[in-house]
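One structure is given here, and the rest of the page talks about it.
The values are calculated or read from the model by the stated rules, or taken from the named source; none is laboratory data. If you're wondering where the values come from, they're calculated on a predicted model, not measured in any experiment. Glycine also receives a Cβ, built like all others from the backbone with ideal geometry; neighbour counts cover every protein chain displayed. Areas reflect the complete protein model, heavy atoms only, side chains present, ligands, DNA and RNA absent. Shrake-Rupley method; radii C 1.70, N 1.55, O 1.52, S 1.80 Å.
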Amino acid sequence: MTAKEFLNQGYRINEHIDAKIGQIAMLRELATKTNVVISDMPRGSNYDNSSVEKTIIRIVSLEEEVNKEIDKLITLKREIMEVIEQVDDPKERLVLNLRYLNFLNWESIAVKMNCSVRNVHIVHSKALDSVVVPR
């Protein structure tokens, strides 16, 4: 595994978490949009009265998945922090922290470092060469 692949793992997990949180929000909205019809007419035995229940179960299941993913992300971020701390140059460490722990884009990193995007790419390239990927 290359240094870049190792460091990018956190971003991918974060994206999965965000996607699942979006799904939860949609399911919650769906669950609140259900209409209740009050009727004294008896329903057939195969009437599905549990669509809201199924939605709630799905929400709870997704929330459990998100919590597991968050735990995984926290553990991975600790590992990534330890690897980044091994880099000697402070500028290189800063670029790696901003990119792989804060998930900032290149332009935002350049603004924070008060330099050009090209310079950020140069520092990033040197930083990747300094990273020792754990086995």
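Worth a mention:
- Environment charge of Asp89, counting only residues whose C-beta is closer than 13 Å and scoring Lys/Arg +1, Asp/Glu -1: -1
- With a simple spin-label model that places each label point 7 Å from the Cα along the Cα-to-Cβ direction, the separation between Lys77 and Val111 comes to 2.1 nm.
- Assuming charge only on the beta carbon of Lys and Arg (+1) and of Asp and Glu (-1), the dipole of the chain about its Cα centre is about 240 debye to the nearest 20.
- Qualifying lysines (Cα of each under 24 Å from Cα of Lys33; at least 8 residues distant if same chain): Lys20, Lys54
- Looking at the stretch 42-135, the chymotrypsin sites (Phe, Trp or Tyr not before Pro) that sit in a DSSP loop and have at most 13 other Cβ atoms within 10 Å of their own Cβ are Tyr47, Phe103.
- Amide H contacts under 5 Å for Leu104, placed H, 5+ residues apart: Arg99
- Label corresponding to Cα Rg over 2.2 N^0.38 Å when calculated from the structure given, among (1) 1.02; (2) 1.62; (3) 1.16: (2)
- Accessible area (Å², per residue) of the chain, counting only protein heavy atoms and a probe of 1.4 Å: 71
- Accessible area, probe 1.4 Å, largest first, for residues Asp89, Asp18: Asp18, Asp89
- Here the chain has 52 percent of its accessible surface on carbon and sulfur atoms, given a 1.4 Å probe and all protein chains in place.
- In Hz, Karplus ³J(HN,Hα) per residue of the stretch 121-128 (6.51, -1.76, 1.60; θ = phi - 60°; x = Gly, Pro): 4, 5, 5, 4, 4, 5, 5, 4
- Seen against the Cα atoms of the chain and their longest principal axis, helix 51-85 is set at about 10 degrees.
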